[in-house]
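Peer 1: Could you have a look at this structure, given as structure tokens, before my questions?
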Amino acid sequence: MKKYFLSLILLLLQVSLFAQSKVYTGNHLLGKEAAKAYYIISNLDDKEIKADLETFLKPLGKITNPNKSSFRVEKIKNSPISPELESIEAQIISTKKMTKVVFFFIDEEMNPLKSFDIKTAEAETFVKGFENLVQKNLELRLADENLKNAENELADAQKEIKKLEKSLENNLKEQEKLGKKLDQSPELMAKALSEKEELVEKLYSEDSTASDLKTKTEIEKASSKKEKEISKIKKEQEKAESKLEKKEADFANLKIELMGAKKIERALEIARKDAFELLSNLKK
């Protein structure tokens, strides 16, 4: 549950940080010369930015790649940015800490437009449109990851419930076995005591003549063996009683754990539902 809220906080924080970015203007290198450009700076991965940039530029026309980090759309007609606009080139510049996307507006002679040729508001609106797409896709990716995390936490909670239910089932089976063993103990004890009593009676009823010494010795051995059997039955009974008592205590604790696990499951089901609704709303 803590992981879900942490992932949600991180999602909102990252989206918030990106939302605070703006469109900047300034000179950047185009070919071998400095040229007027409009750009945004992001902390997103350049691969994600690249995919978003291709999506953004595709409706404008055929995309070419002057190099692996540049995208160009040519033969642009009737652009509100400038009547001189023929091509748009976008460059992705990335470091370990930031990704920058720079837009150049180019005329039919493949020269960058000067500041006075560009309608600033329209150019900023164009670049802002790309920024909005990036932000939207970022929100979708993070919301999707948030949903996966919520689903994983719910699945883990449900596994824990099944584990506890299995433990309760096994505990009851063990209690049943111990109960049967204890039910048999009085009968076994009574039988052993009866047999011991018969041996004792037989021992003292025998004559103490030399001819009967062998028989007497055998009876004494049998009596001693029976005494050990009685002691063993008693110990096993005490052991079974102790085990049963522990199993009963364990069963009570497992029931409490199961109640807690089901409470967590219900909370995570709500969290999962909220995460699903968040993603669904963002897709609208």
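The values are calculated or read from the model by the stated rules, or taken from the named source; none is laboratory data. A quick note: this is a predicted structure, and the numbers were derived from the prediction, not measured. Neighbour counts are summed over all protein chains in view; Cβ atoms, including those assigned to glycine, are modelled from backbone coordinates with ideal geometry.
Peer 1: For segment 251-262: of the residues being in contact (Cβ under 8 Å) with a residue 60 or more places away in the chain and either outside any helix (DSSP H, G or I) or among the aliphatic types (A, V, I, L, M) (or both), which is nearest to K159 (Cα to Cα)? Steps first, please.
Peer 2: Here is the first cut: in segment 251-262, the residues in contact (Cβ under 8 Å) with a residue 60 or more places away in the chain are 251, 254-255, 257-258, 261-262.
Restricting the remaining residues to those that are either outside any helix (DSSP H, G or I) or among the aliphatic types (A, V, I, L, M) (or both) gives 254, 258, 261.
Details: L254: 15, L258: 11, A261: 10 Å.
Restricting to residues being in contact (Cβ under 8 Å) with a residue 60 or more places away in the chain and either outside any helix (DSSP H, G or I) or among the aliphatic types (A, V, I, L, M) (or both), the top hit is A261.
Peer 1: Within segment 275-284, work out how many residues are in a helix (DSSP H, G or I) and exposed (fewer than 14 other Cβ atoms within 10 Å of the Cβ).
Peer 2: 4
Peer 1: Please go through segment 107-127 and give me each residue that is among the aliphatic types (A, V, I, L, M) and either over 16 Å from P66 (Cα atoms) or at pLDDT 95 or above (or both), ordered by number.
Peer 2: L113, I118, A121, A123, V127
Peer 1: Are any of the residues in segment 58-75 closer than 30 Å to L279 by Cβ and in a strand (DSSP E or B)?
Peer 2: Within segment 58-75, one or more residues are closer than 30 Å to L279 by Cβ and in a strand (DSSP E or B).
Peer 1: In segment 5-28, how many are closer than 13 Å to K100 by Cα and at pLDDT 90 or above? Break it down into steps so the answer makes sense when it comes.
Peer 2: Going residue by residue through segment 5-28, those that are closer than 13 Å to K100 by Cα are 18, 21-26, 28.
With the extra rule that they be at pLDDT 90 or above, the set shrinks to 23-26, 28.
Result for segment 5-28: 5.
Peer 1: Mind telling me which of the residues L113, L85 ends up being more than 15 Å from N27 (Cα to Cα) and surrounded by 13 or more Cβ atoms within 10 Å (Cβ to Cβ)?
Peer 2: Result of the check over L113, L85: L85.
Peer 1: Within the bounds of segment 117-136, is there any residue that is of a type in the set (V, I, T), in a loop (DSSP other than H, G, I, E, B) and either without any contact (Cβ under 8 Å) to a residue 40 or more places away in the chain or within 30 Å of K273 (Cα to Cα) (or both)?
Peer 2: no
Peer 1: Name every residue in segment 46-82 that is surrounded by fewer than 18 Cβ atoms within 10 Å (Cβ to Cβ), in contact with a Leu (Cβ under 8 Å, 6 or more places away or on another chain) and either outside the structural domain of A34 (by TED's automatic domain parsing) or among the small types (G, A, S) (or both), in order of residue number. Walk me through it before giving the result.
Peer 2: Applying the first criterion (surrounded by fewer than 18 Cβ atoms within 10 Å (Cβ to Cβ)) to segment 46-82 yields 47-48, 51, 54-55, 58-70, 74-80.
Now restrict to residues that are in contact with a Leu (Cβ under 8 Å, 6 or more places away or on another chain): 48, 55, 63, 76, 79.
Correct list: S79 only.
For every residue, the table says whether it meets (1) in contact with a strand residue (DSSP E or B) (Cβ under 6 Å, 6 or more places away or on another chain); (2) free of Cβ contacts under 8 Å to residues at least 24 places away in the same chain; (3) of a type outside the set (S, T, Y).
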site: E236; (1), (2), (3): no, no, yes
site: S242; (1), (2), (3): no, yes, no
site: A249; (1), (2), (3): no, yes, yes
site: I264; (1), (2), (3): no, no, yes
